[in-house]
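The next block holds one structure in the form of structure tokens; read it before the comments.
The values are calculated or read from the model by the stated rules, or taken from the named source; none is laboratory data. Keep in mind that what you see is a predicted model, and the values were worked out from it rather than measured. For neighbour counting, all protein chains shown are included, and Cβ atoms are generated from backbone atoms with ideal geometry for every residue, glycine included. With ligands, DNA and RNA removed, areas are computed over all heavy atoms of the protein, side chains included. Shrake-Rupley method; radii C 1.70, N 1.55, O 1.52, S 1.80 Å.
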Amino acid sequence: MSKTDNNNAPCHRLEHASTPGKATVLAIGKAFPSQLIPQEYLVEGYIRDTKCQDVSIKEKLERLCKTTTVKTRYTVMCKEILDKYPELATEGSSTIKQRLEIANPAVVEMALQASLACIKEWGRPATDITHIIYVSSSEIRLPGGDLYLASELGLRNDVNRVMLYFLGCYGGVTGLRVAKDIAENNPGSRILLTTSETTILGFRPPNKARPYDLVGAALFGDGAAATIIGTDPITGKESPFMELNYAVQQFLPGTQNVIDGCLTEEGINFKLGRDLPQKIEDNIEAFCRKLMSKAGLTEFNDLFWAVHPGGPAILNRLENSLKLKEGKLECSRRALKDYGNVSSNTIFYVMEYMREELKKEGGEEWGMALAFGPGITFEGILLRSL
């Protein structure tokens, strides 16, 4: 059973009225597997579980665990799974079948719990959901998890379903962009957007030929998130807290090999180029200005920032490049510290922290949601706090 969390936010007075016809975020929820791993215990557990005898690998992983700034993470992987599937920790084993036996139901279960928490906060019946967008890079099957989730939630059998598979870390913001388009082109619709991820497909013993495996072990976690999107919120029944004002996706030509993922018989293998933070830094200002121009905004420090925390290096580069004031990326750093990089989910953990910040006196009206992933793909949404 997953651990769930939501704030049960009551209806509240809107500081800024929502724009008629514009998509708004009406509720948010999250869920996690039951196993919580403090970062200080990760190294010993990982080295023990993978039967690694190389002291230099252990020392490198210890250094990485400190530099990631992660303090806690949730994982599906646990002793019971390794006892049942010891081949997952054996180099070169053909284990994709076993990995999917674990991942497919685990991903849907987390998505289910996050969705239930979100629907509870929303306050309307699940049968009022007209569309479902299901985002994951952690399961593979036909039919997909979107169908299983719709059935488990008791949604109508004519609910419109969209699956977004294997987008990686920018998938959550892509989901928001697609939900925005659906909501604004289907008046009265209510879209359940859910993201769910596990590292089961990528778990393997360390190997010096695959240095990024250690980065993944030190940085990534598991979990799920859900949000309800719709236009023209019903006064007294719905509590919008953020407006999705304008959305842009862009890829950087010639960078498709910087983040490289390949599905093999052993699971997913990732390669991450060292130049990723620099590529983001070189292109992020022009991308942000394109979004900001839609509302006549020019000053980066006049905005609130909800940035996918791919890692501390990316946050630091973005902060320096845009000359952001100290604390502007605090919600992103806090999500990274508390949950690790949970791929497509993480932007929603950042947004939930941001919701609390924006309730404080003097909170900014306009903001930016950003995520980066394979392509290299930039995904951004100009937000407006309500």
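Pull up the stretch 94-112, narrow it to residues that are touching a residue at least 12 places away in the same chain (Cβ under 8 Å) and open to solvent by 30 Å² or more (accessible area, probe 1.4 Å), then point me to the one that is nearest to the chain's Cα centre (by Cα). The qualifying residue nearest to the chain's Cα centre (by Cα) is Glu109.
Within the stretch 17-41, the set of residues being within 27 Å of the chain's Cα centre (by Cα) and surrounded by fewer than 21 Cβ atoms within 10 Å (Cβ to Cβ) comprises Ser18, Thr19, Gly21, Lys22, Ser34, Gln35, Leu36, Ile37, Pro38, Gln39, Glu40, Tyr41. Within the stretch 275-312, if we keep just the residues that are under 30 Å from Tyr212 (Cβ atoms) and of a type in the set (D, E, K, R), the residue that is modelled with the lowest pLDDT turns out to be Asp275. Across the stretch 285-330, the qualifying residues are those that are among the β-branched types (Val, Ile, Thr) and closer than 19 Å to Asn245 by Cβ, and the one among them that is most open to solvent (accessible area, probe 1.4 Å) is Thr298. Name the strands (runs of 3 or more DSSP E) wholly within the stretch 17-106 that hold at least 2 residues that are at pLDDT 95 or above and closer than 30 Å to Asp181 by Cβ? Ranges flagged: 23-32. In this structure, Arg384 does not qualify as touching a Phe, Trp or Tyr at 6+ places or on another chain (Cβ under 8 Å), among the basic types (Lys, Arg), modelled with pLDDT of 95 or more and farther than 20 Å from Lys22 by Cα.
If you go through the stretch 165-179 and keep only what is closer than 18 Å to Gly230 by Cα and either open to solvent by 10 Å² or more (accessible area, probe 1.4 Å) or over 22 Å from the mean Cα position of the chain (by Cα) (or both), you end up with Arg177, Val178. (1) in contact with a helix residue (DSSP H, G or I) (Cβ under 7 Å, 6 or more places away or on another chain); (2) open to solvent by less than 10 Å² (accessible area, probe 1.4 Å); (3) not β-branched (Val, Ile, Thr): which one isn't true of Met351, the others all being true? Condition (1) is where Met351 drops out.
Within the stretch 113-134, residues that are hydrophobic (A, V, I, L, M, F, W, C) and assigned to a loop (DSSP other than H, G, I, E, B) sit with their Cβ atoms under 8 Å from residues that are open to solvent by less than 30 Å² (accessible area, probe 1.4 Å) and at pLDDT 95 or above, at 6+ positions apart or across chains, in these pairs: Ile129/Ile119; Ile129/Leu153; Ile129/Leu155; Ile129/Val159; Ile129/Arg190; Ile129/Ile191; Ile129/Leu192; Ile129/Ile228. Taking the stretch 218-254 as the range and being of a type in the set (Asp, Glu) and not in a strand (DSSP E or B) as the test, the residues that pass are Asp222, Asp232, Glu238.
Taking the numbered list (1) within 30 Å of Lys97 (Cα to Cα); (2) in contact with a Ser or Thr (Cβ under 9 Å, 6 or more places away or on another chain); (3) open to solvent by 30 Å² or more (accessible area, probe 1.4 Å) in turn, Phe251 passes all entries but (1). The residue of the stretch 183-207 that is surrounded by the most Cβ atoms within 10 Å (Cβ to Cβ), among those that are outside any loop (DSSP other than H, G, I, E, B) and out of contact with any Ser or Thr (no Cβ under 8 Å at 6 or more places or on another chain), is Gly202.
Checking each residue in the stretch 130-146 for being touching a helix residue (DSSP H, G or I) at 6+ places or on another chain (Cβ under 8 Å) and open to solvent by less than 10 Å² (accessible area, probe 1.4 Å) picks out Ile132, Ile133, Tyr134, Val135, Ser136, Ser138, Glu139, Gly145.
Being buried (at least 16 other Cβ atoms within 10 Å of the Cβ), charged (D, E, K, R) and modelled with pLDDT of 95 or more is a property that holds for Arg333.
Could you grab me the full set of residues in the stretch 147-164 that are part of a helix (DSSP H, G or I) and either among the hydrophobic types (A, V, I, L, M, F, W, C) or open to solvent by less than 80 Å² (accessible area, probe 1.4 Å) (or both)? Residues satisfying the conditions are Leu147, Leu149, Ala150, Leu153.
Taking first residues from the stretch 229-256 that are β-branched (Val, Ile, Thr) and partners that are surrounded by fewer than 15 Cβ atoms within 10 Å (Cβ to Cβ) and modelled with pLDDT of 95 or more, the Cβ contacts under 7 Å between residues at least 6 apart in sequence or on separate chains come to Thr231/Gly21; Thr231/Pro187.
I'd like to check something: does the stretch 103-121 contain any residue that is of a type in the set (A, V, I, L, M) and farther than 18 Å from Thr227 by Cβ? For the stretch 103-121, residues of a type in the set (A, V, I, L, M) and farther than 18 Å from Thr227 by Cβ: present.
For the stretch 70-85, give me each residue that is charged (D, E, K, R) and farther than 17 Å from Leu100 by Cα.
Lys71, Arg73, Lys79
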